[in-house]
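Peer 1: Can you keep this structure in mind? I'll have questions shortly.
The values are calculated or read from the model by the stated rules, or taken from the named source; none is laboratory data. Treat the numbers as computed from the prediction; the structure is a model and nothing was measured. Glycine gets a Cβ as well: all are built from the backbone with ideal geometry, and neighbour counts include every protein chain shown.
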Amino acid sequence: MATYVKYNSAIEHIANKVIDFFGTTDTFKVMLSNTAPNVATHAVRADAAELSAGNGYTSGGEDTQNDSTRTGGTITETAVDVTFTASGSVGPFRYAIRYDDTPTSPADPLLNYWDYGSSITLATGETFTVDFGASVSTLG
Amino acid sequence: MAHHSACPRVPAAKVWRLLPAKYIEALEHNQQISSCCRHPENHDVEALYSSDEDRAKGVPDIYVFHCTCGRRHTRFCLGSSEADIVTPDGVAMHVSEPRPFWDIR
């Protein structure tokens, strides 16, 4: 699977209760970008260069319908696959970036990103599905 | 970096039993795409690795469905294939979503 790369600030935001990582209280979204993330200096969504909205891509990306449960001392995070459908040209983009859309101070703290490996542009009628599999991540 | 081929491009019908239902349903149920694209049984499908690291693991993380019209439908697999979760009813269960792999000779 593509490597889960966390932003440095994410663990601090979790520890400071900015990000509620457990359950469904907070809404995690996935957005697209063609600019290489900087895990050291990017902390909130505004720091990341998101894809321009339009042609089927909505600013802020899509809700992942995140949830998490605990088994023993491990939290397992799950999410529902997200499909971006192009109604015109969408992209180029290379990175799927996840953030918490619920907090307001700071607004939209970043969680992590995945690198698709190369830039992709969707033509009209094409789709790009972010598949979160059986689990997105574990904590503990 | 360029993607690496994991599984050759083949007619989806040839590996149909290997493809998870959600790969098929994501196309069949998408009303925003063309009619031909909603019939993945007529598509070709290939699997790729997004990076050298994924190629070393031997598990594809990209699947591309090629429609007869020329459009492509890409699935980028990010999460783990296996997980232990607890359902809303409090039942512990193991969830498995293995990635399909084929080698047509």
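Peer 1: Give the residues of region B:36-75 that are of a type in the set (A, V, I, L, M, F, W, C) and in contact with a strand residue (DSSP E or B) (Cβ under 9 Å, 6 or more places away or on another chain), sorted by residue number.
Peer 2: Within region B:36-75, B:CYS37, B:VAL45, B:ALA47, B:LEU48, B:ALA56, B:VAL59, B:ILE62, B:VAL64, B:PHE65, B:CYS67 meet the criteria.
Peer 1: Working only within region A:70-88, note down all residues that are of a type in the set (Ser, Thr, Tyr) and touching a residue at least 40 places away in the same chain (Cβ under 8 Å).
Peer 2: Listed by number, the residues that qualify are A:THR74, A:THR76, A:THR78, A:THR83, A:THR85.
Peer 1: Got a sec? Which of A:LYS29, A:LYS6 is of a type outside the set (A, V, I, L, M, F, W, C), surrounded by 19 or more Cβ atoms within 10 Å (Cβ to Cβ), touching a strand residue (DSSP E or B) at 6+ places or on another chain (Cβ under 9 Å) and under 29 Å from B:ARG55 (Cα atoms)?
Peer 2: Within the list A:LYS29, A:LYS6, the selection yields A:LYS29.
Peer 1: Counting only residues that are closer than 25 Å to B:HIS94 by Cβ and more than 10 Å from chain B (Cβ to nearest Cβ), how many does region A:120-140 have?
Peer 2: Of the residues in region A:120-140, 2 are closer than 25 Å to B:HIS94 by Cβ and more than 10 Å from chain B (Cβ to nearest Cβ).
Peer 1: For region A:66-111, give me the residue count where each residue is at positive phi, surrounded by 15 or more Cβ atoms within 10 Å (Cβ to Cβ) and within 13 Å of another protein chain (Cβ to nearest Cβ).
Peer 2: Qualifying residue count for the region: 1.
Peer 1: Here's a follow-up. For A:GLY117, indicate whether it is buried (at least 18 other Cβ atoms within 10 Å of the Cβ), at the interface with chain B (Cβ under 9 Å from one of its Cβ atoms) and at pLDDT 95 or above.
Peer 2: Yes; evaluated as a whole, the condition is true for this residue.
Peer 1: Residues that are facing chain A (nearest Cβ under 9 Å) and either among the aromatic types (Phe, Trp, Tyr) or surrounded by 15 or more Cβ atoms within 10 Å (Cβ to Cβ) (or both): which strands (runs of 3 or more DSSP E) entirely in region B:1-69 hold 2 or more of them?
Peer 2: Because the criterion is at least 2 residues that are facing chain A (nearest Cβ under 9 Å) and either among the aromatic types (Phe, Trp, Tyr) or surrounded by 15 or more Cβ atoms within 10 Å (Cβ to Cβ) (or both), the strands (runs of 3 or more DSSP E) in region B:1-69 that meet it are B:44-49, B:62-66.
Peer 1: Looking only at region A:89-101, how many residues end up being within 13 Å of the chain's Cα centre (by Cα) and either closer than 29 Å to A:LYS17 by Cβ or without any contact (Cβ under 8 Å) to a residue 60 or more places away in the chain (or both)?
Peer 2: Counting residues in region A:89-101 that are within 13 Å of the chain's Cα centre (by Cα) and either closer than 29 Å to A:LYS17 by Cβ or without any contact (Cβ under 8 Å) to a residue 60 or more places away in the chain (or both) gives 7.
Peer 1: Another question, if that's okay. So which of B:GLU82, B:GLU53, B:GLU28 is touching a helix residue (DSSP H, G or I) at 6+ places or on another chain (Cβ under 8 Å) and farther than 18 Å from A:ALA123 by Cβ?
Peer 2: B:GLU28
Peer 1: Report yes if some residue within region B:81-96 is at pLDDT 95 or above and either in contact with a Gly (Cβ under 8 Å, 6 or more places away or on another chain) or not in a strand (DSSP E or B) (or both); otherwise report no.
Peer 2: For region B:81-96, residues at pLDDT 95 or above and either in contact with a Gly (Cβ under 8 Å, 6 or more places away or on another chain) or not in a strand (DSSP E or B) (or both): absent.
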